[in-house]
Amino acid sequence: MSFKPKYASTKTHTRACKGDWIVPARLHKSVQQEQTGRCHFLRLPGELRNQIYAYAFGNPQEFHIKSLAKNKGLTHSRALKPRRGKMADALDGPATEKRRRRFDLARRLHSTEPPAEYQIPTGMAALLQVSRQIHRETWHTFYASNTFIFTSHKVLQRFLSALNPQYKSAIRRLKLQYQTYGEPYHTENQQWKDDADDRWVQACTRAAEEMSGIEELHIKLKINDCPLRLNLEAGWAAPLLAFRGRGLKRVHTLLTAWSDHNNPLARACAKVVSRELLGAEYKESGEIETKKTVIPKAVRCLRIR
């Protein structure tokens, strides 16, 4: 015969009960953290830590941001429903009104099952999560040395919304791989193409404004427009021209069309786009042309014995 307390469902009695069949609601507040003191790594001089950071971020990597879901663990929204006795107050506002509220799992009664093991993240980005001081010392190197790749305007918008302005301005290399919305078969579906094109323009314009420190830009665009227009006045060129006059030092552009993958006109137009984005005399590789100082060679040699 098992004994269960009479008021086990109340919060006060839940925290007071001691047994194997129930877990306190606010267990994380009762756990005492071990005070280990300051990390020995932070006692090193700043010059040595900078050398270690340079070794850790020595090999730049490419981060392909494929998806970026919204954080549903902090807040959630729900539609307000009229309660009993408050029907008149509920009718004053719209029924679809939403309210943001705090979502805390610690306020709920947990089961007796042991929690899942926490997987410690590895890689270059894991160094930023060690401590606040290490994060302050390494975040600029992380964002400035690596390349970020985007293939969706929705993910790009969420990425820009998630980062602080100082992080976005530290990014130096950006890759955009995108294909335009295809031409619809029916005229009533033209709105979907117009909406997708507008969202792509908004994402590129926002990225050009908020990522003010971009120096290297790689563009891989597949044009699915019909009829195909390969000039800077076409609709597909408007998002790319948002990066014009932003101080770019290197631009690589690859344009492909739905009709032919190796279209010579597309390659020629890609060079025109790179020239327009750089806004200066450039090489075939996409770099800004720099004048090199030529040191004249000595014609005669004087020997002193």
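Give the residue that is surrounded by the most Cβ atoms within 10 Å (Cβ to Cβ), with candidates limited to residues of the stretch 133-161 that are modelled with pLDDT under 90 and touching a Cys at 6+ places or on another chain (Cβ under 9 Å). Among them, the one singled out is Ile134. Annotation for the stretch 216-224: at least one member residue is over 19 Å from the mean Cα position of the chain (by Cα), closer than 30 Å to Thr187 by Cβ and surrounded by 21 or more Cβ atoms within 10 Å (Cβ to Cβ). Determine whether the stretch 188-198 contains at least one residue that is surrounded by 15 or more Cβ atoms within 10 Å (Cβ to Cβ) and under 26 Å from the mean Cα position of the chain (by Cα). Scanning the stretch 188-198 turns up at least one residue that is surrounded by 15 or more Cβ atoms within 10 Å (Cβ to Cβ) and under 26 Å from the mean Cα position of the chain (by Cα). Select from the stretch 217-245 the residues that are in a loop (DSSP other than H, G, I, E, B) and either touching a residue at least 24 places away in the same chain (Cβ under 8 Å) or among the small types (Gly, Ala, Ser) (or both) and list them in ascending order. Scanning the stretch 217-245 gives Asn224, Asp225, Cys226, Leu228, Leu230, Asn231, Leu232, Ala234, Gly235, Trp236, Arg244, Gly245.
So, of the residues in the stretch 246-260 that are part of a strand (DSSP E or B) and modelled with pLDDT of 85 or more, which turns out to be farthest from Arg172 (Cα to Cα)? Show your work before the answer.
Going through the stretch 246-260, the residues part of a strand (DSSP E or B) turn out to be 250-257.
Those still in the list that are modelled with pLDDT of 85 or more too: 250-256.
Values: Arg250: 11, Val251: 12, His252: 14, Thr253: 17, Leu254: 20, Leu255: 22, Thr256: 25 Å.
By that ranking, first place goes to Thr256.
Checked across the stretch 126-133, the condition of being charged (D, E, K, R) and in contact (Cβ under 8 Å) with a residue 24 or more places away in the chain holds for no residue.
The values are calculated or read from the model by the stated rules, or taken from the named source; none is laboratory data. Please read these numbers as outputs of a predicted model, since none were measured by experiment. Cβ sites come from the backbone with ideal geometry, for glycine too, and all protein chains shown count toward neighbours.
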